[in-house]
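Note sheet for the following structure.
The values are calculated or read from the model by the stated rules, or taken from the named source; none is laboratory data. Please read all numbers here as calculations on a predicted model, not as lab measurements. Reconstructed Cβ throughout: ideal geometry from the backbone, glycine too, with neighbour counts over all protein chains shown. The protein model used for the area step is the full one, side chains on, heavy atoms only, and it has no ligands, DNA or RNA in it. Shrake-Rupley method; radii C 1.70, N 1.55, O 1.52, S 1.80 Å.
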Amino acid sequence: MRPLAQSETALSIVAPLAVGVAVVLIWELACRIANIPVFLLPKPSDIAGKLANDWPDLLSALGMTLRVALQAFVAAVVIGTVIAFLFVQSRAVEMSLFPYAVLLQVTPIVAIAPLIIILVKNTQVALTVCATVVAIFPIISNTTLGLRSVDPGLINLFRMHRASRWQTLWRLRIPSALPYFFGGLRISSGLALIGSVVAEFVAGTGGRSAGLAYEILQSGFQLDIPRMFAALLLITLAGVALFAAMMGLSRLALGQWHESEIGVET
């Protein structure tokens, strides 16, 4: 029912905000009562003040990190989707290449990032490659699973009507795979941001190309802990924004016809 759905939507927004405000207030009061030094654990007010004072520098660093993350995310979506289509079209290709996709996923990016940075001369491209390696596996695995998770009865129906492989792919497999694909997008967007930050830590880029990871490192060296927390807050907010954008895209694409977004009315 519409009123129930609206109340649940409002609750899903108000409840997390209330918990967040309570945590921030408790954090602020605990730091003041215990008189915790700012270089050990800054108060939320200290972090907010540093964020306001250093906003131009932190915003510029956030832009560089988001640039790498978005480039890696787009590359992961394009490459991962193409690979998933190849896997579905040929079992031999999937059996030959999927283990290497798993190998990339389980290999720590900090172990191979230095090699990528050495081999790729352009620092921004190297950072994008590192983040793409981190973000690509959910796209491959989710899209492949979605393309294969088709009702056998519908497959037989298409065969009875002598549908071509292309028609089956376009009219049956792709619509069935969309919920899995958008689930992969939600995971991959966050991993792209994580991969870009980790790559920046390894590369240690500074100057105009410095991202938030460099700001965190510099703040740690200078014991400017409020600035470090402010940079961490921006990374967190960026990750939440990316996840929310993918949720909105999923609802826009699936909200009119798929049960995962329509929901069950009671």
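Of note:
- Under the shape rule built on the C-alpha gyration tensor, where the axes satisfy a ≥ b ≥ c, the chain is oblate, since a/c reaches at least 1.5 while a/b does not exceed b/c.
- Simple label model, 7 Å out from Cα along Cβ direction - S45 to K121, nm: 5.4 nm
- Probing with 1.4 Å while keeping every protein chain in the model, the per residue accessible area of the chain equals 58 Å².
- Extension gain for L223-E28 works out to 68.2 nm (0.36 nm per residue, less the C-alpha to C-alpha distance).
- Carbon/sulfur fraction of accessible area - the chain, other protein chains in place, 1.4 Å, %: 69 percent
- Residue ranking by accessible heavy-atom surface, 1.4 Å probe, largest first, among D57, D224 comes out as D57, D224.
- At least 27 Å along the helix axis (C-alpha) and Kyte average at least 1.0, DSSP helices within the chain: 2-34, 55-89, 123-148, 174-203, 225-254
- Pairwise centroid distance, computed over Cα atoms, of region 102-167 with region 174-191, Å: 11 Å
- Across the options A101, T123, L212, the greatest Cα extent toward the positive end of the charge dipole of the chain (unit charges at beta carbon of Lys, Arg, Asp, Glu) belongs to A101.
- Sites listed here are chymotrypsin sites (Phe, Trp or Tyr not before Pro) in region 54-104 whose DSSP assignment is loop and whose Cβ has at most 13 other Cβ atoms within 10 Å, and the list is empty.
- Modelled spin-label separation between L104 and A10, with each label point placed 7 Å from Cα along the Cα-to-Cβ direction: 4.7 nm.
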